[in-house]
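Here the structure comes first, spelled out in structure tokens, and everything after it is commentary.
The values are calculated or read from the model by the stated rules, or taken from the named source; none is laboratory data. Keep in mind that what you see is a predicted model, and the values were worked out from it rather than measured. With ideal geometry, Cβ positions are generated from the backbone for all residues, glycine too; neighbour counts draw on all protein chains shown.
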Amino acid sequence: MLGRGLGVLRQAIREQPRIFAVAVIGSVLFGSMVIVSAYVVGAVVGDVVVPAIARGEVGVGTLALAAVALFGISVLRVVGIFGRRLGAGYMQYRLQAAYRRRVTRRYLDLPLSWHHRNATGTLLSNANSDVEAAWYPIAPLPFAVGTLVMLVGAIVSLFATDWALALVGLAVFPALFALNVVYSRRMAPRQARAQRLRAEVSGIAHESFDGALVVKTMGREAQETARFAGRAGELRDALISVGRLRGVFDPLLETLPSLGTLAVLVVGAFRLRQGAISVTELVSVAFLFTVLAFPVRAIGWVLAELPRSVAGWDRVRRVLDATGEMPYGQKVLDPATPGPATLTFTDVHFSYPPAEAHEPGAQVLGEVGFTVPAGRTVALVGPTGAGKSTIASLAVRLVDPDSGVVELDGVDVRDLTAASLAGTVALVAQVPFVFDDTVRANVALDRAGIDDEAVWAALRLAEADGFVAALPEGLDTMVGERGTSLSGGQRQRLTLARALAGRPRLLVLDDATSAVDPRVEAAILAGLRASAGEPGVPAASILVVAYRRATIALADEVVYTEQGRVIARGTHTELLATVPGYVDLVTAYEQAEVDRAQERAYDDEVAQLPSGLEIEVDR
Amino acid sequence: MTNDERDARTETTWQTLRRGLALSPELRTGLAATLGLALVYMVGRVAVPVAVQQGIDRGIVGGLNLDVVWSVVAVTAAILVVTTACGYLMMRRLFTVSETALANVRTRAFRHVHDLSMLHQQSERRGSLVSRVTSDVDQITQFLQWGGVILLVNLGQLVVTTAVMLAYSWQLTLVVLVAFLPAVLVIRQLQRRLGAAYATVRQRTGTLLGAIGESVVGAPVIRAYGIAGRTARRLDEAIDNQRLAQQRAIRISIVGSSVGELAAGLALAGVVVLGVTLGVDGTLSIGQLTAFLFLVTLFIQPVQIATEVLNEAQNAIAGWRRVLDVLDVAPDVADPGEQGRDLPAGPLDIRFAGVRFAYPGGPPVLHDIDLEIPAKSRVAVVGETGSGKTTFAKLLTRLMDPSAGAVLLSGVPLAQVRFDSLRSRVVMVPQDGFLFDATVGDNVRFARPELTDEQLGAAFTELGLADWLDGLPAGLDTPVGERGEALSVGERQLVALARAYVADPDLLVLDEATSAVDPATEVRLQRTLDAVTRGRTTLAIAHRLSTAQAADEVIVVDRGRIVQRGPHDELVHDSDSVYGLLYASWLEQTR
Ligand SMILES: Nc1ncnc2c1ncn2[C@@H]1O[C@H](COP(=O)(O)OP(=O)(O)OP(=O)(O)O)[C@@H](O)[C@H]1O
Ligand SMILES: Nc1ncnc2c1ncn2[C@@H]1O[C@H](COP(=O)(O)OP(=O)(O)OP(=O)(O)O)[C@@H](O)[C@H]1O
Ligand SMILES: [Mg+2]
Ligand SMILES: [Mg+2]
């Protein structure tokens, strides 16, 4: 643990060598002044006070010199403090900032499959508290290094003064150091446990508040509180055990140097009798023990923080070293042909990473193949859980297939640059995600060439202009975290407008109108078709996940999937004639109506029947 | 900053402490004993300078007397042993009491957040709510475990040292105090600036956490729209802003400790000059003067440490204030508790009497809703996006209270119904079905943990979902992932529906509960639901008009008003009405 902790510290020094040097120089200056001040105090007592009192008169010159020396030392100490604390603080904050930047950059680079495997709460604390924990010992580090130098200086000066007193120092300072090491050793597992429980408590709070609406509507507040209280109680016990250990060691660490001073008094008195030292030296050494007691604690602080630091560092490293990012390629689709794009799936297989790393992932898609020709609309139809959203994610390369290829205009999507890919395809996800930002920012996303006019045009196309215009501050209205101040359908249309604003050449709509009422959906689809025909407006190919017949009827081809396989492809009419599953799905409402009508007729009959029965029974 | 503001600030610090203590009376238990132990512990610190004085004056200067030195040292060592033990007992008591009290505060705050109204919960970022029961409380415990003890001990040390110094020489004590006076004034001033600087740090940390949160939760959008660059820029900005605020705070803090250090130098120099003069006069012995020099350092230490510890104290107080603030908010949609009434047994009927509603600071969303729905009926609510359907459902389930008018269930105004009764009898499936990161089974038995797997299996069978359940990799034990994201959206809705179903309510409110489920499954589900919910009141909000067709009655909402109601068959006759138009486009889309 100690070794690894020192490794983390070494890393920190490697990254910020100059500022660390400043801090250490400041700290050493401070430390030297502490030692010097002890000897000056000793000298003042021995060489100024004692003679002055003995002579019964004050030597103004020496007195002034002593006063100036004492104050001068203070000034130098201030310089040291400035260097040390400013250096340490800046170093800590810079390291934190640098690593936060690296960690969040990894979040942006790593693929969605990696995100799926990691809980949001974990990722949040990786970037926040783990980075903080990793660099926590940096704050007292320069102080500790300075103290080490100071200790060496103190021992040396002790030997220069008197070997017997030096032996007291040799006994006390290493003992102090050892006590500190034992302390941090004992503390490490307790701190780790407390830290782990803290994360768990936070995780429970996060999830529970995230699902606050469910908790509330089901009246489960008491049970949730019990769940939280259980873990909070464990955390309390862990913190109490940390505190108890502190209670044992803190007073001991304080008392040890005091005992040292007492020992100096005894040994010093002996040596004084032998005439080996002077009163000056005795006082100096006693003073040295008093002023050193506190800085030595700094070493303890560093050591005590090391376990937490290592734990934080490991978690940060896990993010930084995570592999499996989806690198983008170098190819760019020819911007000279702004027409609609062609999407092709060829023998695509896909499985989600399993919950347990050692198990194989369940295959979600197998042998999926179809084409969305340029300018055409293809409807993706299939029962719940068939894999439609997965296909949509593959189409915009949120995930990569296990095998097979997804191509845009004949180019494997893995070979495209990020900009080319994002400029070509747009996905409207099944669950709308809205940023805690203004309406404008949510639609434009700071993409080049999307001005207010384009934002309004997109909103119009998504039939969202009406409600946005009615918002108190129009485009500048903040929509709240995850868009809480909007209705479900409004959120959905906002994300639709976001996709349209980028004028994609392929639009992937994943059931993007489920919370939109039928009339509006019809209008949106009509708008999309119309813009496809308009000259000047680049037309888009459309892959649409849909259940509604009108939507399907607009499609040039229907791809019907079940359990991750493409069961059939063809026009709506063809599939209606040949695929029973498809028929069940798209005619479900009509069928239900027919059944209801029959039932009603039957009910009516039954309503009449009893009288008949009664008659029979009566007879 | 004006004087008034300053007073307000200092006052609030005390108020915060008082409020905090009032809220956690446990903190007071045995406080006297703890303080007593702390006092003894502090005596240990001044014991050594006194020993040095005694040793020098009586045992060394003016005739070496080793016996005296020995006895002084032995007595002091004994004192040290006792004070060390007292230190241990003091800390042990302090930590046990404070951690226990704070764990209770944490739990109470957690419960209180759940008791706040839905709107209140949504008005604050999730992360910030979480921090009120995590990092804010952690800040207090961290302070108590480290800074609190130091502050306590050092304040005591300051007092005891001053007393001992006074005993040796009031003149020299005066010198020390005068030397520190300017420093104390400057530090007080700095302390305020520091408070403001740390407030900025906290606020920017909040912004940063929000930015990180969105970059994690919004990962699919960021990737799909290729806006990683923009996101990275924003993150960098937030990270740098936080760092700059931290650096500013530490600069102020360093100026504070430097001032303390200079004062210390001044005090030492002054003591030497005056001390020698007094010594020559014969007022002061050499030992006393030496002890005094030691005492000055003991006096300096607390002042220096205090400047650092006070930062932490500021943070802890701010954290405490945030926790107390949330606890002080009275829930605006409150449980009437003991005084409340239970809903009458049996099926529930619904009445809206002159209900109006507007979201805080927004325009009216529902206008003068008067409505009666008889018990046991199956009602569909339809209307355009944003017309107020979800708002209607939230008022019906008392997630919010109307701005005017009242909602009554079986004649009892909702505001008078005990939550126990309300939440077990009225259940809503919200528009975005949230699942906990657990198994399918655990999610379904959320409201009734006592249900066995067999009973859950039976429930799925009743709903006609047995086949779907069997198709899952591990059946009821399949993990659903965070927020349910390891299931397809439709599957999530099935689980949320099953969860509400096993809760067995008398009034079931479905807000687009099957909007992502495929039509065949939806129709099947509807039938079984119809059958199993017969005898209860159900209210279903839907865009798919198939739901309306199957309902006993349809309520049409348009721009916050109820414009039509009646059975589907009647409403469609008027083809120019809102419903007529909705249905026409529905037909157009589904045929
Ligand atoms: N992150 C995930 N981890 C593991 N399994 C997943 C994950 N996401 C989806 N699945 C599983 O993959 C299958 C296909 O999911 P997908 O979301 O593609 O279905 P879908 O056709 O879009 O369904 P719906 O109509 O309900 O939206 C489902 O069985 C689902 O349980
Ligand atoms: N928390 C909120 N704060 C402010 N305004 C809100 C809030 N929630 C909803 N609104 C506004 O109130 C109006 C009605 O919203 P509501 O959610 O009731 O609509 P809805 O009929 O359920 O729509 P949808 O069919 O899209 O779900 C909308 O204009 C919406 O923007
Ligand atoms: Mg889906
Ligand atoms: Mg709604």
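Looking at segment A:273-327, which of the residues that are among the acidic types (Asp, Glu), within 13 Å of chain B (Cβ to nearest Cβ) and in a helix (DSSP H, G or I) is farthest from B:Glu261 (Cα to Cα)? Of everything passing the filter in segment A:273-327, A:Glu305 is farthest from B:Glu261 (Cα to Cα).
Within segment B:531-554, the set of residues being among the β-branched types (Val, Ile, Thr) and under 40 Å from the mean Cα position of the chain (by Cα) comprises B:Thr533, B:Thr537, B:Thr538, B:Ile541. Return the residues of segment B:351-389 that are crowded, with 16+ Cβ neighbours inside 10 Å, more than 18 Å from B:Arg565 (Cβ to Cβ), modelled with pLDDT of 90 or more and within 8 Å of ligand 2 (Cβ to nearest atom); say none if nothing qualifies. If the condition is that a residue be crowded, with 16+ Cβ neighbours inside 10 Å, more than 18 Å from B:Arg565 (Cβ to Cβ), modelled with pLDDT of 90 or more and within 8 Å of ligand 2 (Cβ to nearest atom), then B:Val365 is the only one that fits. Looking at segment A:57-153, the helices (runs of 4 or more DSSP H) lying wholly inside it that each contain 2 or more residues that are more than 25 Å from A:Val24 (Cβ to Cβ) sit at A:60-81, A:87-109, A:112-117, A:120-125. For segment A:460-511, the set of residues classified as within 16 Å of ligand 1 (Cβ to nearest atom) and more than 7 Å from every other protein chain (Cβ to nearest Cβ) consists of A:Gln492, A:Thr495, A:Val508, A:Leu509, A:Asp510, listed by residue number.
The criterion of being aromatic (Phe, Trp, Tyr) and either over 29 Å from B:Ala375 (Cα atoms) or touching a helix residue (DSSP H, G or I) at 6+ places or on another chain (Cβ under 6 Å) (or both) does not hold for B:Phe419.
For segment B:319-364, residues that are over 24 Å from the mean Cα position of the chain (by Cα), more than 14 Å from chain A (Cβ to nearest Cβ) and among the aliphatic types (A, V, I, L, M) total 5. For segment B:507-525, filtered to residues that are of a type outside the set (Asp, Glu) and facing chain A (nearest Cβ under 8 Å), the residue that is nearest to ligand 3 (Cβ to nearest atom) is B:Ala516. Taken together, the residues in segment B:453-477 that are under 34 Å from the mean Cα position of the chain (by Cα) and either surrounded by fewer than 16 Cβ atoms within 10 Å (Cβ to Cβ) or facing another protein chain (nearest Cβ under 9 Å) (or both) amount to 1. Annotation: B:Leu235 fulfils all but one of (1) at the interface with another protein chain (Cβ under 9 Å from one of its Cβ atoms); (2) buried (at least 23 other Cβ atoms within 10 Å of the Cβ); (3) within 24 Å of A:Phe71 (Cβ to Cβ); (4) touching a Ser or Thr at 6+ places or on another chain (Cβ under 6 Å); the unmet one is (3).
Scanning segment B:376-393 for residues being at positive phi and part of a loop (DSSP other than H, G, I, E, B) gives a total of 3. Flag set for A:Ala341, criterion: away from chain B (no Cβ under 14 Å) and either at pLDDT below 90 or within 10 Å of ligand 1 (Cβ to nearest atom) (or both).
Condition check ((1) buried (at least 18 other Cβ atoms within 10 Å of the Cβ); (2) within 9 Å of another protein chain (Cβ to nearest Cβ); (3) among the aliphatic types (A, V, I, L, M); (4) free of Cβ contacts under 8 Å to residues at least 12 places away in the same chain) across all residues:
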residue: B:Ala211; (1), (2), (3), (4): yes, yes, yes, no
residue: B:Val216; (1), (2), (3), (4): yes, yes, yes, yes
residue: B:Pro220; (1), (2), (3), (4): yes, yes, no, yes
residue: B:Thr231; (1), (2), (3), (4): yes, yes, no, no
residue: B:Asn241; (1), (2), (3), (4): yes, no, no, no
residue: B:Ile250; (1), (2), (3), (4): yes, yes, yes, yes
residue: B:Ala263; (1), (2), (3), (4): yes, yes, yes, no
residue: B:Leu268; (1), (2), (3), (4): yes, yes, yes, no
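If you filter segment A:376-394 down to residues that are of a type in the set (Ser, Thr, Tyr) and in contact with a strand residue (DSSP E or B) (Cβ under 7 Å, 6 or more places away or on another chain), you find that the one that is farthest from ligand 1 (Cβ to nearest atom) is A:Thr377.
Residues that are touching a residue at least 40 places away in the same chain (Cβ under 8 Å) and part of a helix (DSSP H, G or I) within segment B:107-125 comprise B:Arg108, B:Ala109, B:His112, B:Val113, B:Asp115, B:Met118, B:Leu119, B:His120, listed in sequence order.
Just one of the listed residues (A:Gly375, A:Gly385, A:Gly474) is buried (at least 19 other Cβ atoms within 10 Å of the Cβ), in contact with a helix residue (DSSP H, G or I) (Cβ under 8 Å, 6 or more places away or on another chain) and over 23 Å from B:Ser215 (Cβ atoms), and it is A:Gly385. A single member of B:Arg125, B:Arg111 is closer than 30 Å to B:Ala330 by Cβ, modelled with pLDDT of 90 or more, in the same structural domain as B:Thr29 (by TED's automatic domain parsing) and of a type in the set (Lys, Arg), and it is B:Arg111.
Of the numbered criteria (1) within 30 Å of B:Trp586 (Cα to Cα); (2) of a type outside the set (Lys, Arg); (3) away from ligand 4 (no atom under 16 Å from the Cβ), the one B:Ala496 fails is (3). Within segment B:426-442, restricting attention to residues that are part of a helix (DSSP H, G or I) and surrounded by fewer than 24 Cβ atoms within 10 Å (Cβ to Cβ), which residue is farthest from the chain's Cα centre (by Cα)? The qualifying residue farthest from the chain's Cα centre (by Cα) is B:Gly441. Restrict the check to segment B:298-312 and report whether at least one residue is under 17 Å from A:Gly72 (Cα atoms) and part of a helix (DSSP H, G or I). Yes; the residues of segment B:298-312 include at least one that is under 17 Å from A:Gly72 (Cα atoms) and part of a helix (DSSP H, G or I). Criterion first (surrounded by 17 or more Cβ atoms within 10 Å (Cβ to Cβ), touching a residue at least 60 places away in the same chain (Cβ under 8 Å) and under 32 Å from the mean Cα position of the chain (by Cα)) does B:Ala486 satisfy it? Considered against the rule, which asks whether it is surrounded by 17 or more Cβ atoms within 10 Å (Cβ to Cβ), touching a residue at least 60 places away in the same chain (Cβ under 8 Å) and under 32 Å from the mean Cα position of the chain (by Cα), B:Ala486 comes out as no. Is it true that some residue in segment B:526-538 is within 16 Å of ligand 3 (Cβ to nearest atom), under 28 Å from A:Thr513 (Cβ atoms) and in the same structural domain as B:Val381 (by TED's automatic domain parsing)? No, that holds for no residue.
Under the condition of being in contact with a helix residue (DSSP H, G or I) (Cβ under 6 Å, 6 or more places away or on another chain) and of a type outside the set (A, V, I, L, M), which residue from segment B:134-153 is farthest from A:Leu235 (Cα to Cα)? Filtering segment B:134-153 for residues that are in contact with a helix residue (DSSP H, G or I) (Cβ under 6 Å, 6 or more places away or on another chain) and of a type outside the set (A, V, I, L, M), the one farthest from A:Leu235 (Cα to Cα) comes out as B:Gly147.
Here the condition is being touching a Phe, Trp or Tyr at 6+ places or on another chain (Cβ under 7 Å) and free of Cβ contacts under 8 Å to residues at least 24 places away in the same chain; of A:Ile19, A:Ile81, A:Ile13, A:Ile53, it holds for A:Ile13 alone. Against the condition within 11 Å of chain A (Cβ to nearest Cβ), surrounded by 20 or more Cβ atoms within 10 Å (Cβ to Cβ) and among the basic types (Lys, Arg), how does B:Arg106 come out, does it pass? The answer is yes for B:Arg106.
Consider B:Ala406 carefully, then state whether it is surrounded by fewer than 19 Cβ atoms within 10 Å (Cβ to Cβ) and away from ligand 3 (no atom under 16 Å from the Cβ). In short, yes. Somewhere in segment A:330-351, is a residue closer than 21 Å to A:His115 by Cβ, within 16 Å of ligand 3 (Cβ to nearest atom) and surrounded by 15 or more Cβ atoms within 10 Å (Cβ to Cβ)? Yes, segment A:330-351 contains at least one residue that is closer than 21 Å to A:His115 by Cβ, within 16 Å of ligand 3 (Cβ to nearest atom) and surrounded by 15 or more Cβ atoms within 10 Å (Cβ to Cβ).
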